Amino acid sequence: MRDILAETCRRAHFSVQVEAGCNLTPDHSHSRPADVLISNWALGKTAACDISVTSPLNSNIMSEAGVTAGAAAQATELRKHEANDVKCSELGWLCIPLVVESYGAWGKEAMESFSSLASRLAITSSRPKSAVLSELYGRLNLNLCHMIVEWLSECMTCDVAM
């Protein structure tokens, strides 16, 4: 997913770095708040995009996720802000968690960010925003499915080996 986002940002003429942020604070922390770092994202600020996959079946959120759609993504967005906002602020960056639930539902901040990205890419590519956004979600969700299949096949191999 990281590479799809980075490539899409480059097509929209953003300057992008992947896996950025390590050792940039005075304490030389090894935390890395940006899977994808996008220069001049909004109002001249750089966006530190942290991509995460979460499950609504996690015992910490399952009861709420059963009642509220997107609860797992929202909880993960909050956790990512708690972990990264201070470091991002010190660096003058915007912290943007891009969270998807394992069943394919994207968090609010991801959807807002993808809409902004699609708007810019639509202009630079002379294509309708709806087509650009649909293609982006299609590529990301196909990648998510591929990741889940890989994970499941690894789990099955582990069970058979035991």
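Points to keep in mind about this one:
- Each residue, ALA69 and HIS146, gets one label point 7 Å from its Cα in the Cβ direction; the gap between the two is 2.8 nm.
- Think of a 1.4 Å ball rolled over the protein heavy atoms: the chain then has 56 Å² of accessible area per residue.
- A simple spin-label model places pseudo-atoms 7 Å from Cα toward Cβ; at SER59 and SER39 they are separated by 4.7 nm.
- Efficiency of FRET between GLU135 and CYS155 - r from beta-carbon atoms, R0 41 angstrom, step 0.05: 0.85
- Under 16 Å from the Cα of LYS108 - aspartates and glutamates, other chains or at least 8 residues apart: ASP50, GLU77
- The solvent-accessible area of MET111, taken with every protein chain present and a 1.4 Å probe, is close to 90 Å².
- Bins of 5 Å, starting at 0 and running to the largest distance - Cα pair percent for the chain: 2, 9, 16, 19, 19, 15, 11, 6, 2, 1, 0
- The chain: relative contact order as a whole-number percent, Cα under 8 Å and 6+ apart: 19
- Whole-number D in µm²/s for the stretch 36-85 (Stokes-Einstein; Kirkwood sum over Cα pairs; 37 °C, 0.692 mPa s): 267
- Here the chain exposes an accessible surface that is 58 percent carbon and sulfur, computed with a 1.4 Å probe and the other protein chains kept in place.
The values are calculated or read from the model by the stated rules, or taken from the named source; none is laboratory data. What you see is a predicted model, and the numbers here were worked out from it, not measured in a lab. Virtual Cβ from ideal backbone geometry, glycine too; neighbours counted across all protein chains shown. Heads up: the accessible areas ignore ligands, DNA and RNA and are worked out on the full protein's heavy atoms, side chains in. Shrake-Rupley method; radii C 1.70, N 1.55, O 1.52, S 1.80 Å.
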